[in-house]
1. Starting from the range 254-276, keep only residues that are open to solvent by 80 Å² or more (accessible area, probe 1.4 Å), then list their pairs with residues that are part of a helix (DSSP H, G or I) whose Cβ atoms are within a distance under 7 Å, requiring at least 6 positions of separation or different chains.
2. State all residues of the range 239-274 that are of a type in the set (S, T, N, Q) and in contact with a Ser or Thr (Cβ under 8 Å, 6 or more places away or on another chain); if no residue qualifies, say none.
3. At positive phi, among the small types (Gly, Ala, Ser) and surrounded by fewer than 18 Cβ atoms within 10 Å (Cβ to Cβ): does that describe Gly113?
4. For Asp63, all conditions in the list (1) assigned to a helix (DSSP H, G or I); (2) at pLDDT below 85 hold save one; what is the number of the exception?
5. Looking at Gly92, Gly50, which is the one that is surrounded by 13 or more Cβ atoms within 10 Å (Cβ to Cβ), of a type outside the set (A, V, I, L, M), modelled with pLDDT under 90 and on the phi > 0 side of the Ramachandran plot?
6. Confirm whether Phe118 is touching a residue at least 24 places away in the same chain (Cβ under 8 Å), farther than 30 Å from Gln18 by Cα and surrounded by 15 or more Cβ atoms within 10 Å (Cβ to Cβ).
Amino acid sequence: MPSLKDLKNRIASVKATQKITKAMKMVAAAKLRRAQEAAEAARPYSQRMGAVLANIAQAVGGDDDAPRLMTGTGKDDVHLLIVCTAERGLCGGFNSQISRFARDHARKLLAEGKTVKFFCVGKKGFDSLRREFASMIVERTDLREVKRVGFENADAIGRKIITMFERGEFDVATLFYSEFKSVISQVPTALQLVPAAVDMSAAASAGTASAVYEYEPDAGAILSDLIPRNISVQVFRALLENVAGEMGAKMSAMDNATRNAGEMINKLTLSYNRQRQAQITKELIEIISGAEAL
């Protein structure tokens with residue numbers, strides 16, 4: 001049984017930890033609002049970009065002028081998985097959910113005889129995936145020094161992906177991230193970047209599916225410029241969704257940790273009081289017994 005001093009030290013330690021988790025919860029809550037607004041603001045632009053891309057791709061069809069980023073290499077032997085996670089932990093299962101989703105997809109591809117390569121964006125995803133797929137990680141981007149994610153960060157990642165495709169290092173590229181739904185809900189999502197996944201329903205929902213456009217100089221040239229930009233836009237959206245999801249998950253995790261610390265303090269305080277009362281009672285009995293012996 002721990003002594004009164006040990007219990008007192010442990011109570012003080014848990015109280016100090018509780019102050020830290022409470023402060024981290026407040027910081028995450030303050031950052032969450034700005035991150036959520038940024039993620040929600042990026043969605044309409046990303047969706048509209050997809051609608052325009054779908055409309056132009058529909059006009060091009062199977063023409064030989066269509067860029068390879070849209071048509072692909074004609075095979076799907078080598079897959080590049082771009083896994084976007086957070087740089088820091090203490091956010092519950094946020095990072096592990098994305099890594100697990102990408103890991104399951106990689107195992108499925110490997111079972112089909114495909115070659116898998118990883119492009120890790122974020123320290124936590126890299127740390128998780130290198131335990132099983134260390135030899136398959138071909139690229140890594142670290143954003144720990146970035147205080148606020150900007151489009152230039154996503155554009156740099158997008159250019160790396162395009163450069164790797166032009167070198168013939170992969171046939172299909174898929175982006176993995178967590179879509180922010182609410183503070184307690186972040187959904188792991190996979191989005192194919194190369195070849196460009198053209199969603200005709202996006203054009204229909206935007207009301208552009210039935211419209212007829214004339215392109216200058218031509219649709220193929222526009223796609224050659226639009227698809228690389230779309231890759232950067234989708235990566236940027238994924239990074240913003242991840243920041244919002246990370247802050248939401250961290251806020252929830254720190255709230256749970258604060259409440260658990262409070263429950264532990266109550267239990268330790270109860271044990272401390274009981275042991276202290278038992279010690280006082282024992283000393284009184286010894287005093288009374290000694291007095292009666294006289």
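1. Between residues of the range 254-276 that are open to solvent by 80 Å² or more (accessible area, probe 1.4 Å) and residues that are part of a helix (DSSP H, G or I), the close pairs are Met264/Val14; Arg276/Leu4.
2. Asn242, Thr258
3. Numbers: at positive phi: yes; among the small types (Gly, Ala, Ser): yes; surrounded by fewer than 18 Cβ atoms within 10 Å (Cβ to Cβ): yes.
Against the criterion (at positive phi, among the small types (Gly, Ala, Ser) and surrounded by fewer than 18 Cβ atoms within 10 Å (Cβ to Cβ)), Gly113 qualifies.
4. (1) is the only condition that Asp63 fails.
5. Gly92
6. Taking the combined requirement at face value, the residue satisfies it.
Condition check ((1) in contact with a strand residue (DSSP E or B) (Cβ under 8 Å, 6 or more places away or on another chain); (2) not charged (D, E, K, R)) across all residues:
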residue: Ala244; (1), (2): yes, yes
residue: Met254; (1), (2): no, yes
residue: Asn260; (1), (2): no, yes
residue: Arg274; (1), (2): no, no
residue: Leu284; (1), (2): no, yes
residue: Ser289; (1), (2): no, yes
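Condition check ((1) more than 21 Å from the chain's Cα centre (by Cα); (2) of a type in the set (D, E, K, R); (3) over 20 Å from Asn230 (Cβ atoms)) across all residues:
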residue	(1), (2), (3)
Phe101	no, no, yes
Gly113	yes, no, yes
Lys123	no, yes, yes
Asp142	no, yes, yes
Ile157	no, no, no
Glu166	yes, yes, no
Phe170	yes, no, no
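The values are calculated or read from the model by the stated rules, or taken from the named source; none is laboratory data. Bear in mind that the values here come from a model prediction, so they are computed numbers and not experimental data. Every residue, glycine as well, gets a Cβ built from its backbone with ideal geometry; the counts of neighbours run over all protein chains shown. Accessible surface is based on the protein model in full, side chains and every heavy atom, while ligands, DNA and RNA are left aside. Shrake-Rupley method; radii C 1.70, N 1.55, O 1.52, S 1.80 Å.
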